[in-house]
Amino acid sequence: RYPEQIDISDFLKPHQENLIAVRVDPYRVEQVRHHMSADPWSSWYAGLMDIELTSRAWIGDIFAYVTDVGNPARLRLEAQLDSETDEPFRGRMITRVYPWFPEESSAAAGESSVAVQLDAGTSEFLSDEINIPDPDLWTVNTPNLYKIHVILQYDSGKDVDDFVLTTGLRTISQEGGTFRVNNRPEMLNGPLLFGYHNPLERIAQWMFSPPAERWIHDILLTKKMNGTAIRMSVHDQRVAGVNDRRLARIGDQMGIMFLWQTPVWVREGTIDDFDFEGLPLYIKQVRNYPSIVMWQPGNHPDPWPMDWFQRVHDTIAEVDQSRLISPSGDMSRMNLNEFENTIGDTWRPADTDQTWSSWTSPLIARGTMEQVLAYGQSWHHLRNFPGMHGYRGMEMEVRMEYLNSKTHAWFDFESEETIAQANWNVTRGKPYHRMYAYEINYDVGSIGRKLDFDEWRESQAWQALSAYEAYRKKRWVGFDGMFWCPLRGGGNTATYMKPLLDYDNHPKLAYYAVQMVFQPILAGSRNVDIVYGPNDEIPVIVMHLGETKTVDVTVSAKTMDGATADEKNYNDVVLPDGKGVVDLGNWKPDIPSEMYYGFEYIVRYPELDNK
């Protein structure tokens, strides 16, 4: 199912209307996989098609990306020029760059011209750089886009062919061990997409190619919960994935970042048949979209050797070095036998290891899947975190070396913390109404017993609490991104209980907990104990992301009816530029000890007179 360019010249009839028919074969999944729907007929999908009418010399491909976001920004252009002429081609390649979104302009923001010489019947690659003064950069909050118009001309000035694309001016990096967009610290926070859309009779058909408004809905849901990114995890078999250019185009304009999977994405198991031939072909299809900030062709294949890791890095880097590369979302599943001489009894290659250059490549994104409270684990695992926990954890010194790295960021690529039943009152009459998932026994380990259907509120409350506290701790210990698995229900024929929304798009309480913890500025306790005793003190911190600002923080102890029993004000708290944690010290409220209280943290930004 590779992307193809097919010469249809011999089939066209000149000077009349031509009707071109394309047959798209249905696809049946041979074995219904874990998390799928029961319907094996998955996505009749042909991708997007274009007909290009060209002369015998033409522009085959353009890759445009920014190497410097200063003033002026430097836009690098890599062009493939093709010729089937009988004589050598002599001419010029002219590039003009125009503001395109959110406001289009006919005034060029940058322009260049380079000489072209093509031998008869050959293909050549040509590079160029265009300066863009006063650039409007692309970010999730300001998704500015430019139109790039490339024209191939004869020396006489006659146009031969042109190529138009849209892209954003942005860089992706991790200097200082922090994920950065345009050299500014940022976090990759959001959900996974499994691709399941309602109604149930469309669940398989729309998995890979839903109506465009469904992709828009997913992005809106993510942004509404303060998410900045989406990790693609759409699959109907062991090897499958999304390469829908519509989604990337929508993401460019709506301001979201993608961890992109491509159709060679391997969910689990062996990597023996990993498709290294298809990987660069799929990447070339979508590499001009700024919303894609990371390639991730492996979910958690198990185990994988380092030579595969190296080859994935090298294959992608050959066609794109403008964004990060994560060969696998879970580095804890390495083949340990590869590293006996360099890492002792841990799975971490030493930073001085020279055997595998990809491990220390500035393009490599490091991370694991941190299910600290998942699968029925108890709360003490979160207390011990970032030390060893029961589900694929690691030693404290290893973890801290990753978190404190000055060269690489560290990501939680998939969190399946806990489960929550749906609100059964809104699913009456549905075939998945009051159906337990295979996950229901997780309650026994984490809560102490299985919750029944009438306790769906308690179930949602537990999931929300665990999501909030786990993500809050990951933020203060220094993670650069966190992804909940997944956004919406639909897995296992709409019985999957981990998602933040049910299959009919009703948010669970955890959706709002994640919305709260994903705020750029968040105050709370540097403690995940959920009950304080009469003699305890609260260590108050503020986690922040963004430009420097001065804020006021109020911490209140409130009775169960909402009355304030005591409060502490921290005025003129300076939050430094970037990403970090400000420690405000310990507070011991002066309150009667014979009552129950809740604690509320409010951050006010006086300059904007809001909170």
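Given the chain, what whole percent of its Cα pairs are spread farther than 44 Å? Intermediate values should be presented prior to the final figure.
Working: 45742 of 186355 pairs.
Result: 25 percent of Cα pairs exceed 44 Å.
Which percent, to the nearest 5, of DSSP beta bridges fully inside the chain are antiparallel? If you can, show how the numbers build up before the last one.
Working: 86 of 111 bridges.
Here the share of antiparallel DSSP bridges comes out near 75 percent.
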Next item on the list: Just grab the label-to-label distance for residue 564 and residue 129, each label 7 Å out from Cα along the Cβ direction, in nm (one decimal).
Entry: 5.7
Check: With every protein chain present, what accessible area does residue 357 have (1.4 Å probe, heavy atoms only), rounded to the nearest 10 Å²?
Finding: 70
Checklist line | Surface accessible to a 1.4 Å probe, residue 469 within the full protein complex, Å² | finding: 20
Note to self: Rounded to whole Å, give me the distance from the Cα center of segment 48-108 to that of segment 472-540.
What the structure shows: 44
Margin query: Pairs of alpha-carbon atoms within less than 8 angstrom and 6+ residues apart define the contacts here; what relative contact order does the chain have, in percent?
Written below: 11
Notebook entry, point to check: Quick one: how many Å² of residue 526 are accessible to a 1.4 Å probe, rounded to 10?
Noted result: 90
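When the dipole is taken about the Cα centre of the chain, and only Lys, Arg (+1) and Asp, Glu (-1) are charged at their Cβ, what size is it in debye, to the nearest 20? Please list the in-between numbers first.
Working: 58 positive and 87 negative charges, 291 e Å.
With Lys and Arg at +1 and Asp and Glu at -1, about 1400 debye.
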Item checked: Potential lengthening between residue 202 and residue 114 on full extension [0.36 nm per residue; Cα-Cα distance subtracted] -> 26.6 nm
Next item on the list: With a cut-off of at most 16 other beta carbons within 10 Å, and DSSP calling the residue loop, which chymotrypsin sites (Phe, Trp or Tyr not before Pro) in segment 204-286 qualify? Please list them.
Entry: 276
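Could you sort 548-555, 151-158 so that the peptide with the highest average Cβ count within 10 Å comes first and the rest follow in order?
Details: 548-555: 16.9, 151-158: 13.6.
Top of the packing list down: 548-555, 151-158.
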Next item on the list: Quickly work out the residue 318-to-residue 270 label distance, labels modelled 7 Å from Cα along the C-beta direction, and quote it in nm with one decimal.
Entry: 2.4
Next item on the list: State to the nearest 20 debye the size of the charge dipole of segment 28-107 about its Cα centre, where the only charges are +1 on K and R beta carbons and -1 on D and E beta carbons.
Entry: 240
Next item on the list: Order the following by accessible area, largest value first: 217, 34. Probe radius 1.4 Å; ligands, DNA and RNA are ignored.
Entry: 34, 217
Next item on the list: For segment 1-22 and segment 352-428, write down the distance between their C-alpha centroids in whole Å.
Entry: 49
Next item on the list: Any chance you could get the radius of gyration and Dmax over the Cα atoms of segment 444-548, in Å?
Entry: 15.8, 50
Next item on the list: Would you please classify the overall shape of segment 512-585 from the alpha carbon gyration tensor, given that a ≥ b ≥ c denote the square roots of the eigenvalues, rounded means a/c under 1.5, and beyond that prolate means a/b larger than b/c while oblate covers the rest?
Entry: prolate
Notebook entry, point to check: If the cut-off is a Cα-Cα distance under 28 Å, which lysines reach residue 473, setting aside same-chain residues fewer than 8 apart in sequence?
Noted result: 223, 224, 406, 450, 498, 508, 549, 558, 568, 579, 588, 611
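What number comes out for accessible area per residue over the chain if the probe is 1.4 Å? Units Å², please.
Numbers: 27070 Å² over 611 residues.
With all protein chains present, the chain gives 44 Å² per residue.
The values are calculated or read from the model by the stated rules, or taken from the named source; none is laboratory data. Computed from a predicted model, the values in this text were never measured in an experiment. Note that we place each Cβ from the backbone using ideal geometry, even for glycine, and neighbour counts take in every protein chain shown. Protein only, heavy atoms only, side chains kept; ligands, DNA and RNA dropped before computing areas. Shrake-Rupley method; radii C 1.70, N 1.55, O 1.52, S 1.80 Å.
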